[in-house]
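What follows draws every value from the coordinates through simple rules; no lab data is involved. Just so it is clear, the structure is predicted and the values come from calculations on it, not from any experiment. Cβ placement follows ideal geometry from the backbone for every residue including glycine, while neighbour counts extend to all protein chains displayed.
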Amino acid sequence: MLKASLIFPVVHVQICAAFVPDSLLQFIRSHLDYLNTIDPGVERDATSFIASLNELKPFLRALLVADGTVTLLLRAYFDEDVLVETTGQSGFVVEGELPHLGLATGDDAFFRQVELTGSQTGHVYAQATSVLNPAALKPELFAALIKEDVGMGDVLRNSARGSYREILDVRTVDDARMARTYTVVLDSKPAILITEVFNTRWF
C-alpha cells in the first residue's frame, strides 16, 4: 500500500459490487486520495523527472520513466517470467471529480490492483493499481483489460497500438518503495490511470 501516514483530502466512493471487503474499500479510498495530490493541470514530460532520480540504480531509474510494458522489461532484466496476480478489483461510482480521467461525480469507474511476481524467485517486484474509465474504452478492450491473469501492458500492446503513456508523477513512498503514476491515452483521451509501486530491494 501507499504510505498511510500521508494526509490527503478525503474523496468518498460508493462501491457498486454486491460485496467488497472493507480492506479493498479502504484501499480504493486511500488510492483516490493519493491521486488527488497530483495536479491535473500541469503538463509533464518524462525527462523532467530524471534529474531527481540520480541516486537510484540505473534499471529502477529507467523503469520509473519508461513508456514501455513493465512486465516485459522486468522479464528481460530478471530473466524469468513475470506473473500477474489480481489482488482486488471492483466497479465503483465516483463521488468527487477525478480530472486525470475526465471523471465527474456520479460517473462509473473501475478499480484494479495486481502484483507482478517472478515465476521462479517468487519476488514481488511491483504492485500496480489502476483506475479505468469504462466510457473511454470499447467493451471488448475493457473486458480484456480486467482479466485477472493478464497484464494491461500486454493487452494494450496487442490490442490498442495507438495508445501512449503520459507520466504524471514520480515519488518516494518510503525507504523500500518508489512509485510512479501515469495515464494511458487512447484516441487522444485519458482512459486508464495507473500507479506502479516498485519494491526497491530487488533493484
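Key figures
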{"quantity": "DSSP loop GluC sites (Glu not before Pro) with at most 11 other Cβ within 10 Å: longest gap in the chain", "calculated": "56-147"}
{"quantity": "Cα→Cβ-extended label distance, 7 Å offset, between Ala143 and Gln120, nm", "calculated": "3.7"}
{"quantity": "Which of Val114, Val65 has the fewest Cβ neighbours within 10 Å, and the rest in rising order", "calculated": "Val65, Val114"}
{"quantity": "Cα-derived Rg over Rh, computed across the stretch 12-202 with Rh taken as Kirkwood radius", "calculated": "0.94"}
{"quantity": "Ranked list, fewest to most other Cβ atoms within 10 Å of each Cβ, for Ser90, Ser23", "calculated": "Ser23, Ser90"}
{"quantity": "Two-site label geometry, Ala66 and Ala176: point separation in nm, points 7 Å out along Cα→Cβ", "calculated": "2.3"}
{"quantity": "Pairwise label distance in nanometres, Thr200 with Lys57, each label 7 Å out on the Cα-Cβ vector", "calculated": "1.2"}
{"quantity": "Mean Cβ count within 10 Å, highest first, over the residues of peptides 171-178, 26-33, 66-73", "calculated": "26-33, 66-73, 171-178"}
{"quantity": "MRE, 222 nm, helices only [DSSP H, n ≥ 4, -39500 (n - 2.57), over the chain, to nearest 500]", "calculated": "-6500 deg cm²/dmol"}
